[in-house]
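The values are calculated or read from the model by the stated rules, or taken from the named source; none is laboratory data. A quick note: this is a predicted structure, and the numbers were derived from the prediction, not measured. Cβ placement follows ideal geometry from the backbone for every residue including glycine, while neighbour counts extend to all protein chains displayed.
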Amino acid sequence: MNSQNTQSSVAPWSVEKPTALLLLADGTEIYGKGVGKQGSAIAEICFNTSITGYQEILTDPSYAGQIVTFTYPHIGNIGTNDDDMETLDWQSRSGVLGLVIRADISQPSSYRSTQGFNQWLIERDIIGISGIDTRALTALIRDNGAPNAIIVHDENGEFDIPALLKKVNAWGGLEGLDLAKTVTCKNVMNWDEKLWTWEVANQDNSKTGYQTLKSTTKHVVVVDYGIKRNILRCLTTLNCKITIVPAKATADEILALNPDGIFLSNGPGDPAATGEYAVPTIKTLIESGKPIFGICLGHQMMAIALGGSTIKMQQGHRGANHPVLDNTTKKVEITSMNHGFAVDAKSLPSHVKESHVSLFDGSNCGLEVIGKPIFSVQHHPEASPGPQDSYYLFDRFYANL
């Protein structure tokens, strides 16, 4: 993996001509078998350590502008279904531009599957490469940082290396990119779907495991920087009326909706770039005294609005097995994460408490404004995929309303 012209051990040229190429910005060539859509895409390449939930990962809008390497070797073997989608109707078909997997995609083996994985990838315009030593690639990213790369799927196996390398090196990377604008809603929207349950899924003639909201107690306005479905479901399951507004909605427009609380969503890209228009809005919302809860990108921009700053991480945190300490309860929870930027804890002002911290590397995973009903976390308490250890954060938010 350290040398160029690295070929797949699964599909050597003497047996089968490669139909896909992953070309890193440093010139490293990694060949394999193409899956999904044919074509090419330039993005930052990262890795995710989850062993389940590949469909939810690939439909998470936070992955816009990225190629995901799965460390788990068998991806696609349980097919796909409509219930495990995380993108919403108004978002791009998928935030993910490409994927890298170890084993060939097999026929679906799950009673929930309604479509094979490869056809699903094609319909969602995702370019993939299989037959790759994903452990070696993961180690490369871990040691050297997340590189820019171009992924190419060509059934004829024709790759113009100099031209492709020129393209990938002309791309500036994720720093400075506002990608929230590519996945946010265009107009004010409502939401009424609740969390998936076995009871609903097992009902006669049921085609889904989701119920709809019948009555509400509180009103929450969600600012959409790339919201996931399961975050919205967690809020509606608490019987909250949900109004979703675009990323560029002004504080006046948000407060005019008379919310009991405000939620700042997850999303892709550089928080400093999206923050150019979002941070002034968040500052005004903080001054309003309304309860506020932020996740991921919303957490990062909350920190900036409070006087802090963010940094680009070497490899980021992406997976469903990340231990986090809640400094309030002193409990350790296993969390789902997806971020390449983080809040610099040293930059937080004295009136802001660091509420959560990663037990992997000590990076910031949460904050609270002292004396105000305002808090945010870096990890994803809604999971999907991942453990449900952090669902209590939604209850904590609801108690503030």
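For residue 281, state whether it is hydroxyl-bearing (Ser, Thr, Tyr), in contact (Cβ under 8 Å) with a residue 24 or more places away in the chain, in the same structural domain as residue 390 (by TED's automatic domain parsing) and outside any strand (DSSP E or B).
Values: hydroxyl-bearing (Ser, Thr, Tyr): yes; in contact (Cβ under 8 Å) with a residue 24 or more places away in the chain: yes; in the same structural domain as residue 390 (by TED's automatic domain parsing): yes; outside any strand (DSSP E or B): yes.
Here the answer is yes, as residue 281 does meet what is asked.
Name the pairs whose Cβ atoms lie under 6 Å apart, with the first residue in segment 166-187 and farther than 24 Å from residue 250 by Cβ, the second small (Gly, Ala, Ser) and buried (at least 19 other Cβ atoms within 10 Å of the Cβ), and 6 or more positions between them or separate chains?
174/65
Could you please let me know if residue 244 is touching a Phe, Trp or Tyr at 6+ places or on another chain (Cβ under 8 Å) and outside any loop (DSSP other than H, G, I, E, B)?
Values: touching a Phe, Trp or Tyr at 6+ places or on another chain (Cβ under 8 Å): yes; outside any loop (DSSP other than H, G, I, E, B): yes.
Yes, satisfied.
So, in segment 14-51, exactly how many residues are modelled with pLDDT of 95 or more, of a type in the set (S, T, N, Q) and out of contact with any Phe, Trp or Tyr (no Cβ under 8 Å at 6 or more places or on another chain)?
Number of matching residues: 4.
Please pick out the residue among 375, 360, 394 that is of a type outside the set (Gly, Ala, Ser), in contact with a strand residue (DSSP E or B) (Cβ under 7 Å, 6 or more places away or on another chain) and under 21 Å from residue 218 (Cα atoms).
Working: 360 fails: under 21 Å from residue 218 (Cα atoms); 394 fails: in contact with a strand residue (DSSP E or B) (Cβ under 7 Å, 6 or more places away or on another chain).
After ruling out the rest, the residue left standing is 375.
Please state which one of 316, 269, 275, 298 is assigned to a strand (DSSP E or B), closer than 21 Å to residue 179 by Cα and among the small types (Gly, Ala, Ser).
Details: 269 fails: assigned to a strand (DSSP E or B); 275 fails: assigned to a strand (DSSP E or B); 298 fails: assigned to a strand (DSSP E or B).
Checking each option against the conditions leaves just 316.
Kindly provide the set of residues from segment 254-269 that are surrounded by fewer than 23 Cβ atoms within 10 Å (Cβ to Cβ) and either closer than 20 Å to residue 91 by Cα or not aliphatic (A, V, I, L, M) (or both), ordered by number.
The answer is 258, 260, 261.
Kindly establish whether residue 112 is in a loop (DSSP other than H, G, I, E, B), over 14 Å from residue 47 (Cβ atoms) and of a type in the set (Lys, Arg). Talk me through it step by step, then tell me what you get.
Numbers: in a loop (DSSP other than H, G, I, E, B): yes; over 14 Å from residue 47 (Cβ atoms): yes; of a type in the set (Lys, Arg): yes.
In short, yes.
Which number in (1) out of contact with any helix residue (DSSP H, G or I) (no Cβ under 9 Å at 6 or more places or on another chain); (2) within 23 Å of residue 50 (Cβ to Cβ); (3) not hydrophobic (A, V, I, L, M, F, W, C) marks the one condition that residue 199 misses?
For residue 199, the failing item is (2).
For segment 326-347, which positions are closer than 26 Å to residue 227 by Cβ and in a strand (DSSP E or B)?
Residues satisfying the conditions are 326, 333, 334, 335, 336, 337, 338, 339, 340, 341, 342, 343.
Among the candidates 197, 212, 236, 182, which residue alone is modelled with pLDDT under 95 and closer than 30 Å to residue 280 by Cβ?
182
Please find, among 342, 320, 305, the residue that is under 23 Å from residue 173 (Cβ atoms), surrounded by 15 or more Cβ atoms within 10 Å (Cβ to Cβ) and among the small types (Gly, Ala, Ser).
Working: 320 fails: under 23 Å from residue 173 (Cβ atoms); 305 fails: under 23 Å from residue 173 (Cβ atoms).
Step by step, each of 342, 320, 305 is checked, and only 342 is under 23 Å from residue 173 (Cβ atoms), surrounded by 15 or more Cβ atoms within 10 Å (Cβ to Cβ) and among the small types (Gly, Ala, Ser).
Looking at (1) under 30 Å from residue 202 (Cβ atoms); (2) buried (at least 19 other Cβ atoms within 10 Å of the Cβ), which is the one condition that is false for residue 115?
(2)
Determine which single condition residue 286 fails, assuming it passes every other condition in (1) assigned to a helix (DSSP H, G or I); (2) within 22 Å of residue 234 (Cβ to Cβ).
The one condition residue 286 does not meet is (2).
Just one of 276, 333 is surrounded by fewer than 21 Cβ atoms within 10 Å (Cβ to Cβ) and not β-branched (Val, Ile, Thr); which is it? Walk me through how you get there before you give the answer.
Details: 333 fails: surrounded by fewer than 21 Cβ atoms within 10 Å (Cβ to Cβ).
That would be 276, the only listed residue that is surrounded by fewer than 21 Cβ atoms within 10 Å (Cβ to Cβ) and not β-branched (Val, Ile, Thr).
Kindly indicate the residue of segment 291-323 that is over 17 Å from residue 266 (Cβ atoms) and without any contact (Cβ under 8 Å) to a residue 40 or more places away in the chain and also farthest from the chain's Cα centre (by Cα) among those meeting that condition.
Once the filter is applied, the top-ranked residue is 309.
Going through segment 348-385 one residue at a time, which ones are assigned to a loop (DSSP other than H, G, I, E, B) and aliphatic (A, V, I, L, M)?
In the first step, residues of segment 348-385 are kept if they are assigned to a loop (DSSP other than H, G, I, E, B); the result is 348-351, 359-363, 370-373, 378-379, 381-385.
Answer for segment 348-385, where residues must be assigned to a loop (DSSP other than H, G, I, E, B) and aliphatic (A, V, I, L, M): 348, 359, 370, 383.
Show me the strands (runs of 3 or more DSSP E) found entirely inside segment 119-194 where at least 1 residues are in the same structural domain as residue 73 (by TED's automatic domain parsing) and under 21 Å from the mean Cα position of the chain (by Cα). Outline the logic, then answer.
Details: elements: 127-130, 148-153, 189-191.
By residue number, 127-130, 148-153.
What number of residues in segment 53-97 are among the β-branched types (Val, Ile, Thr) and in a helix (DSSP H, G or I)? Before the answer, list the steps.
First, the residues of segment 53-97 that are among the β-branched types (Val, Ile, Thr): 57, 59, 67-69, 71, 75, 78, 80, 87, 96.
Now restrict to residues that are in a helix (DSSP H, G or I): 57.
Summing the residues that are among the β-branched types (Val, Ile, Thr) and in a helix (DSSP H, G or I) in segment 53-97 gives 1.
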